[in-house]
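Colleague: Submitted below is the structure of interest, expressed as structure tokens.
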Amino acid sequence: MSNRIDTCFENLATAGRQALVPFITSGFPDPGWTVAMMHALVEAGADVLELGVPFSDPMADGPVIQAASERAISRGVTLAGVLEAVKEFRCEDEATPVVLMGYLNPIERYGHRSFAHDAAASGVDGVLLVDCPPEEMRGLREHLDEAGVYPICLVAPTTTPQRMDAIAEHARGYIYYVSFKGITGANRLDAAALVAPLNEIRSHFGLPVAVGFGIKGPDSAAAVAGLADGVVIGSALIEHVDKATSAQEACELVAGFLAPIRHAMDNRA
């Protein structure tokens, strides 16, 4: 079964380009704006969309994404609602990969089999669960495989070579490399320091590698794009759109933020 993620990275590699992967929290700033914002991001140059599933205890996220999750939950956003947003997005965009990013608990409550089936039916291509190590992935993985939904795996600076081999058994689509220890939204990215870990990761995985954490704007995105296969940007984007007072303004803000990053990635020296 083909997956949009594979097609996307294959096309980018052929074109000599890197994936731009923006993250937004579903339902933030307003549940009714999410789908329009997803389309605006694609029009501004996004290649893959990471859509955050709001969760009450997002332990890997910094204050910006935590606050976004809290607001979305307070406005009634659920995992089922996130899947509905993806389904609506697919009415106009059948090509752009969508990866749900979040935590295992909402899926446990939904039910592994039901979630995998409904996610695939909605048009979800991958799932990235920050609190689901390989040992806990096996039950869910069976249902994801049946549905053709990829488990997207995380690798951190502390991940050992032996651990990478264990993760490689489950990883599909691309590897999300957390560029440093800490939470999302921190500001300590050193692009030059990525060379060695990215080489190590590539020796264990035959997959594209996208780098996240610490990427704030065009300069840092372009620097990472020179080394990795993809650039993930989340907290800075969430912070930027927080000021929106309407769906139109939210779309203008996310597009205005992302377009210069796409330009910088494509035109780096």
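Values in this text are rule-based calculations from the coordinates and carry no lab data. As the structure is a prediction and not an experimental result, all values here were calculated from the model. Reconstructed Cβ throughout: ideal geometry from the backbone, glycine too, with neighbour counts over all protein chains shown.
Colleague: Fewest to most neighbouring Cβ within 10 Å: what's the order for Met137, Met37? Present the calculation step by step, with values, prior to reporting the outcome.
Modeller: Details: Met137 19, Met37 28.
In order of increasing Cβ crowding within 10 Å: Met137, Met37.
Colleague: Here is a follow-up. Determine the distance separating the Cα centre of the stretch 195-269 from the Cα centre of the stretch 44-108; give it in Å without decimals.
Modeller: The two parts, judged by their Cα centres, are 17 Å apart.
Colleague: Given axes a ≥ b ≥ c from the Cα gyration tensor, I'd like to know whether the stretch 1-116 is rounded (a/c under 1.5), prolate (a/b larger than b/c) or oblate. Let's see the in-between values first.
Modeller: Working: a/c = 1.73, a/b = 1.52, b/c = 1.14.
Taking the square roots of the gyration eigenvalues as a ≥ b ≥ c, the stretch 1-116 is prolate.
Colleague: Using a Gaussian network model on the chain with a 10 Å cutoff between Cα atoms, which of Val99, Val82, Val130 fluctuates the most?
Modeller: Val130
Colleague: Next question, about the same structure. What translational D, rounded to a whole number of µm²/s, comes out for the stretch 99-198 from Stokes-Einstein when the hydrodynamic radius is the Kirkwood one over Cα pairs, at 25 °C and 0.890 mPa s?
Modeller: Details: Rh = 14.5 Å.
Translational D for this selection: 169 µm²/s.
Colleague: Name the residue farthest towards the positive end of the dipole of the stretch 1-70 from the options Asn3, Pro22, Trp33, assuming +1 on Cβ of Lys and Arg, -1 on Cβ of Asp and Glu, about the Cα centre.
Modeller: Going by the charge dipole, the pick is Asn3.
Colleague: Now a separate question. Any idea what the relative contact order of the stretch 4-266 is, in percent, if you count C-alpha pairs under 8 Å spaced at least 6 apart? Each step should come with its number before you reach the end.
Modeller: Numbers: 488 pairs, mean separation 61.4, N = 263.
Taking the mean separation of contacting Cα pairs over the length of the stretch 4-266, I get 23 percent.
Colleague: Let me ask you something else. Given a cut-off of 17 Å, what percent of all Cα-Cα pairs of the stretch 157-266 lie beyond it?
Modeller: Details: 3401 of 5995 pairs.
Tail of P(r) above 17 Å: 57 percent of Cα pairs.
Colleague: Counting other Cβ atoms within 10 Å, which GluC sites (Glu not before Pro) in the stretch 74-113 have at most 12 and lie in a DSSP loop?
Modeller: Glu92, Glu94
Colleague: Continuing with this model, one more query. Which one of Thr14, Thr158, Thr245 has the biggest mean-square fluctuation once the chain is modelled by GNM with Cα springs under 10 Å?
Modeller: The residue that fluctuates most here is Thr14.
Colleague: Stretched out fully, how many nm does the piece from Ala196 to His263 gain, at 0.36 nm a residue minus the Cα gap?
Modeller: Full-extension gain reported as 21.5 nm.
Colleague: Hey, another quick one. Mean projection of the alpha-carbon convex hull of the stretch 203-266 over all orientations, in nm²? Let's see the in-between values first.
Modeller: Values: hull surface 19.8 nm².
Mean shadow area of the hull around the Cα atoms is 4.9 nm².
Colleague: On a full-extension model of 0.36 nm per residue, what is the gain between Ala80 and His117, subtracting their alpha-carbon distance, rounded to one decimal in nm? Let's see the in-between values first.
Modeller: Values: separation 37, 0.36 × 37 = 13.32 nm, distance 1.21 nm.
That pair, Ala80 and His117, stretches by 12.1 nm at full extension.
Colleague: Can you tell me what percent of all Cα-Cα pairs in the stretch 98-146 are more than 14 Å apart?
Modeller: On the way: 541 of 1176 pairs.
Summing the P(r) tail past 14 Å for the stretch 98-146 gives 46 percent.
Colleague: What would the Debye formula give as log10 I(q)/I(0) at q = 0.08, 0.09 Å⁻¹ for the alpha-carbon point model of the chain, no solvent?
Modeller: -0.28, -0.35
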